[in-house]
1. Using Cα-Cα distances under 8 Å and only pairs 6 or more residues apart, what relative contact order does the chain have, in percent?
2. Rounded to the nearest 10 degrees, what's the angle between the helix 379-391 long axis and the longest principal axis of the chain, both from Cα atoms, 0 to 90?
3. Work out, step by step, the length gained on full extension between H331 and E113: first 0.36 nm times the residue separation, then minus their alpha carbon distance; give nm to one decimal.
4. Between the helical axis of 306-330 and the dominant principal axis of the chain, each derived from Cα atoms, what acute angle in degrees is found, rounded to the nearest 10?
5. What is the sum of charges, Lys and Arg at +1 and Asp and Glu at -1, for the other residues whose Cβ falls under 10 Å from the Cβ of L179?
6. Say the dipole of the chain comes from +1 at the beta carbon of Lys and Arg and -1 at that of Asp and Glu; which of P266, V205, A379 then lies farthest toward its positive end?
7. Rounded to whole Å and sorted largest first, list the principal axis extents of the Cα atoms in segment 205-373.
8. What dipole magnitude, in Debye to the nearest 20, does segment 61-113 give about its Cα centre under +1 on Lys/Arg Cβ and -1 on Asp/Glu Cβ?
Amino acid sequence: MNVKVPTIKKQVFDLIIRDGLVSKAALMARLTITSTSLSRLLEELLTDGLILASELGRSTGGRKPILYRVNPDHRAVFGLEISRFTSSIGLYDLNLKPLAFERWKMDERMTPETLVGKITQIAERMMSDFHIDRNKVIGIGIGAVGPLSREDGVMLKPRYFPARGWIDVPICDWLEQRLGMPALLDNGANTAIIGEHWALRNEEVEHMLYVHAGVGLRTSMMSGGQIVRGAVDMEGSFGQMIIQTDGPRLGDEGNYGALEALVSIPALEKKIRSQLKLGRSSTLMGIPPEEVQFDALRKAYLQKDAFITEQFLQTATYLGIGIANLINILHPEAVILGGPLVNVDKTIYETVIQVARSNIYYSPQYEPKFSQGQLTEDAVTAGAAIMLLQDWELN
């Protein structure tokens with residue numbers, strides 16, 4: 001894959017977006033460029049309407065410096081999450097402030113064609129509500145469940161979608177045709193880490209790990225501020241980490257004893273259904289075991305059902321072990337945990353990080369900072385918009 005090298009003009013623009021309010025001197029300190037060239041580029045960005053000369057900064061002895069900021073109303077960008085549990089779309093200004101946001105549940109009726117129709121309808125309404133012309137929208141960034149081909153803009157064969165038809169879906173082509181704007185696809189785990197890295201930009205975090213635990217296990221790693229990519233799509237590989245050699249297999253594919261067979265919504269549902277059939281006591285006993293779904297499990301946990309609590313905490317323990325394995329290999333500065341399983345309750349999250357911490361090899365000398373992120377469940381959508389904005393080429 002060819003990596004785009006941003007022009008100096010784009011670098012200046014990106015730094016202004018990142019800092020929010022910045023002087024020419026501060027830009028000069030971070031760019032290998034002459035003062036004359038930077039003045040010319042700033043003048044071009046002002047003429048183009050991309051930035052504003054906002055106000056005067058504090059004087060250090062001479063004239064007060066001019067401070068530059070992005071013109072938030074000059075353009076807009078869409079971010080989209082396509083997931084198996086819920087999907088969402090957001091419209092953002094150039095400061096990446098959300099103007100509008102909508103989330104909906106994915107069900108057996110949400111085929112790819114139906115979803116694209118829904119996305120088109122919502123996007124058109126958002127542009128109309130905020131009086132944004134289509135030619136003012138940079139495009140739509142998409143964070144989706146893998147496996148996928150980022151280069152071709154195709155979702156290949158994601159598992160566990162409730163609806164049929166999710167095989168070889170050319171999602172970028174479809175949305176470009178329906179919306180009349182560019183579309184860019186990446187794994188949802190990657191766009192989530194882009195979003196969280198942006199939210200933490202003032203902390204200068206260079207090495208970050210993101211883990212999403214839900215219908216599947218999805219991970220992304222950033223090193224030196226850049227996403228680590230492999231020769232093939234790596235999003236689901238964490239779930240295939242073997243942690244129990246004689247363990248179960250989830251469905252009819254994947255490794256035996258893989259983490260995903262012990263830590264995922266389908267694995268949790270399967271295990272609890274089996275135990276209920278054996279007569280385990282639970283507040284769920286009024287529901288036929290085969291009809292027990294995650295929403296009911298979450299409610300039972302919050303109602304302090306002893307059996308369900310035991311199963312959730314065991315799942316959290318396995319997840320903590322898997323995360324410790326990743327930490328011992330990758331040594332990130334920050335670890336962000338997300339997804340429906342982790343977000344059920346604070347006790348689940350705390351159990352995961354407690355187990356992970358107790359299995360870090362270099363602890364206590366080295367220990368990453370754990371969190372549930374700044375953007376939480378909106379990270380994929382916001383990160384998809386940021387990804388597209390970072391990829392945008394200025395004329």
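1. Numbers: 714 pairs, mean separation 63.3, N = 395.
The value is 16 percent.
2. 40
3. On the way: separation 218, 0.36 × 218 = 78.48 nm, distance 4.14 nm.
Between H331 and E113, full extension yields 74.3 nm more.
4. So the inclination is approximately 50 degrees.
5. Working: positive: R134, R178; negative: E124, E176.
For residues surrounding L179, the net value is 0.
6. Farthest towards the positive end: V205.
7. Projected onto the principal axes, the Cα atoms of segment 205-373 cover 52, 32, 24 Å.
8. Values: 9 positive and 7 negative charges, 106 e Å.
Dipole size: approximately 500 debye.
Each reported figure results from applying straightforward, stated rules to the coordinates on display, with no laboratory input. Since the model is a prediction, treat every value here as computed from it, not as a measurement. Neighbour counts run over all protein chains shown; Cβ positions are idealised from the backbone, glycine included.
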